[in-house]
Protein chains: 2
Amino acid sequence: MEIHTTSYDCQHCPFKSKLYIDLYAEEMQIIDESRKEFFYKKGEVICGEGDDLGNLIYITKGLGKLHKKENMKTDQIINFVVPYDFIGFLSIFSETKSKYSVTAIEDTVACAVPVDIIKQIILSNGKFAMKIIENMSKVTDDILETRFKLNKKHLRGRIAYVILFLSEEVYKNTTFTMPISRKEIAELINMTTENVIRILSEFRQDGIIEIDGKTIKVLDTVLLKKICEAG
Amino acid sequence: MEIHTTSYDCQHCPFKSKLYIDLYAEEMQIIDESRKEFFYKKGEVICGEGDDLGNLIYITKGLGKLHKKENMKTDQIINFVVPYDFIGFLSIFSETKSKYSVTAIEDTVACAVPVDIIKQIILSNGKFAMKIIENMSKVTDDILETRFKLNKKHLRGRIAYVILFLSEEVYKNTTFTMPISRKEIAELINMTTENVIRILSEFRQDGIIEIDGKTIKVLDTVLLKKICEAG
DNA sequence: CGCGGCTTTGATGTTCATCAAGTAAAGTGG
DNA sequence: CCACTTTACTTGATGAACATCAAAGCCGCG
């Protein structure tokens, strides 16, 4: 991890429109002066389980995973963290130490703002507080809904979901490079590594996708969506 | 449902300490004047899926379930709603219509405060906003943690969890009356009604619990906890 | 180059859902 | 209040979905 040469100030950051839109110029400036921008290589830990939650960190570029240690060998991956996501730091307002980890699964740029400063602004700027609340509400709703849906799907439906999510939401391309291992896919959607591989092979044999190592090419999006929906 | 003769004003309501502690007297009074208290019989719907989220509703007495229609015949129960819980109304800040239902599973008293008034106070009182955020954060964390844990448990572990939760958290008694049917237990912990019954019978045969219809008596809390932990 | 981690495939076993069928309880209308 | 219908509860038998175990090839890395 290294401190990034800041490419732009908060005023011109795309993230501004998401949360900071209602800030007064002085508030914006306080954040701008206190924040730090970090660059993480793929695989680097952005925030570890048990770390002090001193900063509100959000990702501005790249891709991460929000996860939690299950035991020595396995993680539970809660979900992906994409730019402008607020997630993973929800507990920042109720806990002092992080209950989760966030790890870069692509080269990632993150911004850290001391949580005390955020809290101060919440106290003084109601509109900002409201934005935070709305954002938390939305993010939470999303995770819960996704999780309940995934739980009811069969293995094929879950794999279909992951492929579609990465293809459509993250990379916006039918061909993409899997940012995570088979094992991690398993940890994300609650199945075994072996079955992840098995079902990816089935999809390949059925002509739904092409696989070349980490590279996936979606051939039949329509069918994939049917499998995802049907469960 | 009937409008309840208000038993106390907000100032003396036990709920005050939970969220309203930082309110100024005038704010407290605004809430007190605009709120309505309702009484629900067991089985009555407190908030239906698709209803307008015009009010922030919280339960002050009784027990409810937060649930969502899965299809014609089955619900997904997200979790229980106990007094002083804020849950089920998280989406109130990001949606205009409820994505979930809340139904009384015991005789229940609920308080409804127009959400506009809550939002106004959030805007003007930062401490109150902060309390809301902290509460949301905690509640969300809880649900997610519980759900991830439950998913990894086997059927016996899940049933053990429900029995322990009701016995220890809700009724604080080793003997209690199940507020929900076998089918609803199944909908809460993602299994079939048949298996709920089967495993309850197993627990009875193993001398872990006594069953008389809806009445459950926990005989071996220690073993039950082991089953719950082991999964 | 050898070690550990990731990937892959096959065989086996367990957990659990589904189906079936019957009893008990609870609501409904005449 | 009683026949009727529906809903909840219960048990057993069967099969499908999935985890586990085993074994081998592959790749990166010290």
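The values are calculated or read from the model by the stated rules, or taken from the named source; none is laboratory data. Everything numeric here is computed off the predicted structure, so don't read it as measured data. Glycine also receives a Cβ, built like all others from the backbone with ideal geometry; neighbour counts cover every protein chain displayed.
As a summary of the residue check, B:Thr192 satisfies the conditions (1) over 28 Å from A:Lys69 (Cα atoms); (2) near DNA strand C (Cβ under 10 Å from one of its atoms); (3) more than 14 Å from chain A (Cβ to nearest Cβ); (4) in contact with a helix residue (DSSP H, G or I) (Cβ under 8 Å, 6 or more places away or on another chain) except for the one numbered (3). For region A:47-66, filtering for residues that are surrounded by 21 or more Cβ atoms within 10 Å (Cβ to Cβ) and either touching a Gly at 6+ places or on another chain (Cβ under 6 Å) or within 14 Å of chain B (Cβ to nearest Cβ) (or both) leaves 2.
Summed over region B:104-117, residues that are surrounded by 17 or more Cβ atoms within 10 Å (Cβ to Cβ) and over 27 Å from B:Ile77 (Cα atoms) total 1.
Going residue by residue through region A:212-228, is there one that turns out to be away from chain B (no Cβ under 14 Å), within 13 Å of DNA strand C (Cβ to nearest atom), surrounded by 15 or more Cβ atoms within 10 Å (Cβ to Cβ) and farther than 26 Å from A:Val102 by Cβ?
No, the conditions are met nowhere in region A:212-228.
Taking B:Lys183 as the residue in question, decide whether it is of a type in the set (Lys, Arg) and within 14 Å of another protein chain (Cβ to nearest Cβ).
On the way: of a type in the set (Lys, Arg): yes; within 14 Å of another protein chain (Cβ to nearest Cβ): no.
Criteria not met by B:Lys183.
Identify, from the list A:Leu224, A:Leu188, the residue that is over 22 Å from the mean Cα position of the chain (by Cα), among the aliphatic types (A, V, I, L, M) and not assigned by TED's automatic domain parsing to the domain that holds A:Ile77. Of A:Leu224, A:Leu188, the one residue that is over 22 Å from the mean Cα position of the chain (by Cα), among the aliphatic types (A, V, I, L, M) and not assigned by TED's automatic domain parsing to the domain that holds A:Ile77 is A:Leu224. Of the numbered criteria (1) touching a Lys or Arg at 6+ places or on another chain (Cβ under 8 Å); (2) away from every other protein chain (no Cβ under 11 Å); (3) crowded, with 21+ Cβ neighbours inside 10 Å, the one A:Tyr84 fails is (3). Based on what the data block shows, is B:Ala160 within 16 Å of DNA strand C (Cβ to nearest atom) and away from chain A (no Cβ under 14 Å)? For B:Ala160, the condition - within 16 Å of DNA strand C (Cβ to nearest atom) and away from chain A (no Cβ under 14 Å) - is met.
From the list B:Glu106, B:Glu49, the lone residue that is modelled with pLDDT of 85 or more, in a loop (DSSP other than H, G, I, E, B) and in contact with a Ser or Thr (Cβ under 8 Å, 6 or more places away or on another chain) is B:Glu49. Pairing each residue of region A:123-149 that is facing chain B (nearest Cβ under 7 Å) with any residue that is among the acidic types (Asp, Glu), provided the two are 6+ apart or on different chains, yields C-beta distances under 7 Å for A:Lys127/A:Asp22.
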